[in-house]
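Report on the following structure.
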Amino acid sequence: MQLFTGISELVVNDLDRLGELDVIADAALLVDAGRVIWSGPSAQADTALAAHEDQTGTTGLSDDDIANGEVTSANDLGGLETIDLGGKAVIPGFVDSHNHLIFAGDRSEEFAARMAGQKYSAGGIATTVAATRAATETELEANLVHLMGQAQRQGTTTFEVKTGYGLTVPDEILALDIINRHTEESTLIAAHVVPPEFKDDPERYVDLVIDEIIPAAEGKAKWIDVFCETGAFTEDQTRRIIEAGKAVGMKPRLHANQLTEGGALKLGAELGCVSVDHATFASVEDLAVLAEAGTVVTLLPSIEFSTRQPYPDARRYVDAGVSLAIASDCNPGSGFSNSMPFVIAIGVRDMHFTVEQAVWAATAGGANALQRTDVGHLGVGARADLAILDAPSYRHLAYRPGVQLVERVYSGGELIVDNRPRD
């Protein structure tokens, strides 16, 4: 059991309300068996701990043993660990609900060309497909672990990871097998782009996805995704692929309206997609349909940063009553950043999120996009996934962009990252 004290601000979160962080000042947090069992003002920690011990009968602590959340005696504490954070803020671990981390190769030259004026298009994915197919399983997994480790050091504790750079039956299944060793949020996006060998007959590739790849992925992929966009897959093709995935138990999500204002957002709502991602171009009608359907819209700020596409104005989505998330969309082509603090800073500055909305969207919003109630918040019963900031307030995530503010990260109550300087 762990008692975290000395918390300047504790962000608890309300999973149902955008921007409702439920911040407790001068807080304490009690964790048992990797779950949050209490949070509140430090002055109430002794009462909460004593009540828990009365229920479980594990330590027999009395009021004389604890004062203002601090253990004051050397009695038998039953393994209680007290962690004084000395005035630092604590937030839920980030839930990064959109990632493409299984790949090989480097596209920095393509990025440099975009910065020099070349327009982004979906076609560059083929470059990564060739490199990924040539890589070994060991190389692909090592890169995934490396990128996940980077993100964890930035405070991410929950990852969704997609396939989509193999585009053959064996390559897509290999990617899923690797993903499933590291996260339960695995997504099949064999319909990422039409591979070069099918460029003259894209319908034949759609048939391959439906008739061979999806059946082979049954039981391996939690989610089914399609890049519904000019240069990728049409709305009709998308519908057929999503329906085929749903038929074998995969939950639907969609890449929609990244480059053009097509019908993908409405299609996503119609198909029951849990989340439609990108949504860079969205009409008033699109937003009304999504709000009515309860579909989560996942905005991806680092993609607009890297592609110089126009930033969507989050205030339009909020005013329309749309449920929002933000994620990194870390990928080698259109946005190679896995830093959720970076995404928050861009979201606030360039997408006009409030700081509260951006932090919520990167935690509770991501949980909603994955239909998770155990992460993205620090309410009673939540996984003890938390990021300790080297700052007195969560607002510093947007206030001090580019600074490493994540000091420590816990996942299920276990310390997995410690960025404090070594003596």
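The values are calculated or read from the model by the stated rules, or taken from the named source; none is laboratory data. Nothing here was measured: the structure is a model prediction, and the numbers come from that model. All Cβ positions, glycine included, derive from the backbone under ideal geometry; neighbour counts span all protein chains shown. Just so you know, the surface numbers come from the protein's heavy atoms only, side chains and all, with ligands and any DNA or RNA stripped out. Shrake-Rupley method; radii C 1.70, N 1.55, O 1.52, S 1.80 Å.
Per-structure values
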| item | result |
| --- | --- |
| Residue within the stretch 173-182 that is of a type outside the set (D, E, K, R), surrounded by 19 or more Cβ atoms within 10 Å (Cβ to Cβ) and under 22 Å from THR295 (Cβ atoms) present | no |
| Close pairs from the stretch 26-41: first touching a residue at least 40 places away in the same chain (Cβ under 8 Å) and farther than 14 Å from GLY413 by Cβ, partner of a type in the set (Ser, Thr, Tyr) and not in a strand (DSSP E or B), Cβ under 9 Å, at least 6 apart | ALA27/SER42; ALA28/SER42 |
| Some residue of the stretch 57-69 being acidic (Asp, Glu) and at pLDDT 90 or above | no |
| Meets criteria (open to solvent by 10 Å² or more (accessible area, probe 1.4 Å), free of Cβ contacts under 8 Å to residues at least 24 places away in the same chain and within 25 Å of the chain's Cα centre (by Cα)) for GLU270 | yes |
| Flag if ASP423 is open to solvent by 50 Å² or more (accessible area, probe 1.4 Å), at pLDDT below 95 and more than 14 Å from ILE83 (Cβ to Cβ) | yes |
| Residue in the stretch 370-378 that is closer than 21 Å to ILE346 by Cα and of a type outside the set (Phe, Trp, Tyr) present | yes |
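Every residue, every condition in (1) closer than 27 Å to PHE159 by Cα; (2) without any contact (Cβ under 8 Å) to a residue 40 or more places away in the chain, yes or no:
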| residue | (1), (2) |
| --- | --- |
| GLU197 | no, yes |
| GLU203 | no, yes |
| LEU208 | no, yes |
| GLU218 | yes, yes |
| ALA221 | yes, no |
| ASP225 | yes, no |
| GLU243 | yes, yes |
